[in-house]
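**Student:** My questions will all concern the structure given below.
The values are calculated or read from the model by the stated rules, or taken from the named source; none is laboratory data. Computed from a predicted structure; not experimentally measured. Cβ atoms come from the backbone with ideal geometry, glycine included; neighbour counts cover every protein chain shown.
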C-alpha cells in the first residue's frame, strides 16, 4: 500500500477550468519531492487536495489506502502536517504557543501534556527557535514566522510533511538551513512534499520533481529528467540552462 | 509552560469566581431605599421579602445574563477572528428581540407566557446566526463582511420591531417599550432555574472548546491543518452563542455592549488564551452586569435606569476607544 496515491485527481473552482486535471502519481516515504510549475499551474491546490483540505471533483487522493478528504480531521493531521502558503499575520500568541498548536490532533484536552511539550522542545531545537519561545509571533519577521510554522508542523510528528513555498520569506542563509532541515526530515523517514518556485534548489536538494502545467502533471521523475531544459522552456516560456562547475555540482539557470 | 498555564488558568478561575461571588453577595444589600438590616437578619417583612423576592433574584438574573452575553461575545470574537464581533454587531441580539417582540405583540393575551417569548427569541437568534454562518461558509464571506451583514440584519430587525410596536395596542406597546429598554427585573426563582438549566451546559461546552478556539483564532487555513473541523466548530459555536443570547434576551430584553466590553477588558488584562479568558469572561461578565444593575437602581433612586442604558452609556465610549486604539 502506497503512503500517497493520486488517481485521476481533478479539481475545479465552481464551473471554471480544471485547476488540477487528472493527476496520477504515487509516493512512499522517505523522500523529498518538489512540486514546481508556473503561477496558476495548480501547485497549491494539489497540496491542499493531498492535505484533505479540498475535495476532488473526480479521482481520489489516498493516504495509506484511505481517502484523504473523508478521513476524520484529527486522524488525517496525525498523518499529514500541512503548512499553507499564507502566513497568519496578527496572531497574539507566543512562539511556544504557536508551535504547540501542532499537538491539537493528539488530544482535545484543555492543556498540553508531557509528550506535547517534549515534541515542542524537539521542534524548537530543530528549527533553532529555542531563544524565541517567549517572543510574540506577530512581532517576528516573515522568515522567522515561516520557521515557527515549520516548527509547528514538526511538532505534529506526522510521517508526511507538506510545505507550500516555505522559503518565500527566507534569506539565503535561512533558506539553505531550511533545505538541510527538510533533508534531515527525509533522513528521519518522512515523506516531504514542497511547493517551490526555486527550480535550482529543487534540482539540488530533491530526489523527485512533479512538474505541473495548467493543472496537468507533465513530468514526474528525478530532477535532471523532470527538469529537462527544453521541457522547462516550453512550460515556463523562458530558456533554461543546466551548468556544471569544476567540482561536478550542477546548476539550473534561466533567462534570455 | 503547560503546568504554568494550568496553574494560571486555575488561579484566574478561582479569583474570578470568588470576585463574582463577592459582588453578588454584596450588591443585593445595596439599594436606593434604606433597608432595616436587623429586621432582615431576623427574617421579618417587608425587608426580608424585598431582599429574598426582589433583590436576590434580580442579582442572580443579572449575573446569569452578564455571564452569558460576555461568554457569547468572546466566543464570536474567536470564531470570526474580529475584535468587534459581538451578539449585537452580528444581529443576534436584534433578531432575538424581534422574536420576543413578535411573541409579545402577536401573542393571544395581554402578556405572553415566558416559554413562548423564550422560544420566539431563540428562534429569532437561531435563524439569524444560521444565516450568518451560512454566508460565511457557503459564500466564503470574510468576517468583516459578516459583521456588515449583521449590522444590516440588525437594522431590518429593529425596523420590524418598530413596526410591531406601532401596530400593537396601548398595553402591549408599553410592555414592548419597557422590554426593549433592556432591564433586569425580579423574576420567579423557577425562571432563574430554567435559565441556569439552559445556560450551564452550553457555557460548559464553550469552556471546553477553549484550546480549539485558540487555534481557530489563527485563521481557518492554519486551524484545518491542525486537525480542527472549522465548519463544525463554527456551526456549533454560533448555535451555542445563539442559545446564550436568545435565552437571556428573552427575559431581560436587549442589553448591548456586555459582549464587547468584558471580553476586551479581560483580554487586555489576561492575554488572548481562551483557557484563561473564557472562565474570566463567564464570571467577570456576570459580576459586571450585577454592578451595572446596582448602579442603575441606585444612582438616580427612586428613579430606576434600565440596565441597558447603563451598559450602553459605558459601552458606547468604550467602543469608540476600541476603534481608536485598534
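**Student:** Across segment B:202-219, what is the number of residues that are buried (at least 20 other Cβ atoms within 10 Å of the Cβ) and facing chain A (nearest Cβ under 10 Å)?
**Tutor:** Selection size over segment B:202-219: 8.
**Student:** Specify the residue that is nearest to residue B:193 (Cα to Cα); the eligible residues are those in segment B:245-284 that are in a loop (DSSP other than H, G, I, E, B) and more than 14 Å from chain A (Cβ to nearest Cβ).
**Tutor:** The extreme case among them is B:253.
**Student:** Residue A:83: at pLDDT below 95, touching a strand residue (DSSP E or B) at 6+ places or on another chain (Cβ under 8 Å) and buried (at least 19 other Cβ atoms within 10 Å of the Cβ), yes or no?
**Tutor:** Spelling it out, residue A:83 is indeed at pLDDT below 95, touching a strand residue (DSSP E or B) at 6+ places or on another chain (Cβ under 8 Å) and buried (at least 19 other Cβ atoms within 10 Å of the Cβ).
**Student:** Which residues, counting only those in segment A:235-256, are surrounded by fewer than 12 Cβ atoms within 10 Å (Cβ to Cβ), within 22 Å of residue A:212 (Cβ to Cβ) and out of contact with any strand residue (DSSP E or B) (no Cβ under 6 Å at 6 or more places or on another chain)?
**Tutor:** A:237, A:255
**Student:** Right, next: I'm trying to understand the selection: among the residues of segment A:178-188, which are in a loop (DSSP other than H, G, I, E, B) and modelled with pLDDT of 90 or more?
**Tutor:** none
Conditions (1) under 19 Å from the mean Cα position of the chain (by Cα); (2) part of a helix (DSSP H, G or I); (3) crowded, with 22+ Cβ neighbours inside 10 Å, marked per residue:
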{"residue": "B:14", "(1), (2), (3)": "no, yes, no"}
{"residue": "B:17", "(1), (2), (3)": "yes, yes, no"}
{"residue": "B:25", "(1), (2), (3)": "no, yes, no"}
{"residue": "B:49", "(1), (2), (3)": "no, yes, no"}
{"residue": "B:58", "(1), (2), (3)": "yes, yes, yes"}
{"residue": "B:61", "(1), (2), (3)": "yes, yes, yes"}
{"residue": "B:68", "(1), (2), (3)": "yes, yes, yes"}
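**Student:** Of all the residues that make up segment B:77-109, how many are under 12 Å from the mean Cα position of the chain (by Cα) and part of a helix (DSSP H, G or I)?
**Tutor:** Total satisfying the criteria: 3.
**Student:** Give the residues of segment B:1-49 that are modelled with pLDDT under 80 and within 14 Å of chain A (Cβ to nearest Cβ), sorted by residue number.
**Tutor:** Hits for segment B:1-49 are B:1, B:2, B:3.
**Student:** Something else now. Do the conditions hold for residue A:38, that is, is it surrounded by fewer than 18 Cβ atoms within 10 Å (Cβ to Cβ), touching a helix residue (DSSP H, G or I) at 6+ places or on another chain (Cβ under 7 Å) and in contact (Cβ under 8 Å) with a residue 60 or more places away in the chain?
**Tutor:** So residue A:38 passes the test.
**Student:** Another question, if that's okay. With the structure loaded, tell me whether residue B:235 is within 14 Å of chain A (Cβ to nearest Cβ) and either out of contact with any strand residue (DSSP E or B) (no Cβ under 9 Å at 6 or more places or on another chain) or not in a helix (DSSP H, G or I) (or both) or whether it fails that test.
**Tutor:** No.
**Student:** Any residue in segment A:52-64 that is without any contact (Cβ under 8 Å) to a residue 40 or more places away in the chain sitting within a Cβ distance under 7 Å of a residue that is crowded, with 17+ Cβ neighbours inside 10 Å and in a loop (DSSP other than H, G, I, E, B)? List the pairs, counting only those 6 or more apart or interchain.
**Tutor:** A:52/A:71
**Student:** Now, a different point. Only one residue in B:153, B:129 is under 22 Å from the mean Cα position of the chain (by Cα) and at pLDDT 85 or above. Which one?
**Tutor:** Residue meeting the stated conditions: B:153.
**Student:** Filter segment A:93-150 down to residues that are loosely packed, with under 15 Cβ neighbours inside 10 Å, in contact with a helix residue (DSSP H, G or I) (Cβ under 6 Å, 6 or more places away or on another chain) and under 20 Å from residue B:210 (Cβ atoms), then give me how many there are.
**Tutor:** So the count comes out to 0.
Quick grid of which residues meet (1) more than 13 Å from chain A (Cβ to nearest Cβ); (2) outside any helix (DSSP H, G or I):
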position	(1), (2)
B:154	yes, no
B:163	yes, no
B:223	no, no
B:227	no, yes
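**Student:** Among the residues of segment A:150-177, how many are within 12 Å of the chain's Cα centre (by Cα), part of a helix (DSSP H, G or I) and more than 17 Å from residue A:30 (Cβ to Cβ)?
**Tutor:** The qualifying residues number 1.
**Student:** Considering only segment A:118-136, state which residues are touching a residue at least 12 places away in the same chain (Cβ under 8 Å) and within 13 Å of residue A:156 (Cα to Cα).
**Tutor:** Start the filter on segment A:118-136 by keeping residues that are touching a residue at least 12 places away in the same chain (Cβ under 8 Å), which leaves A:119-120, A:122-124, A:126-129, A:132-136.
Scanning segment A:118-136 gives A:119, A:120, A:122, A:123, A:124.
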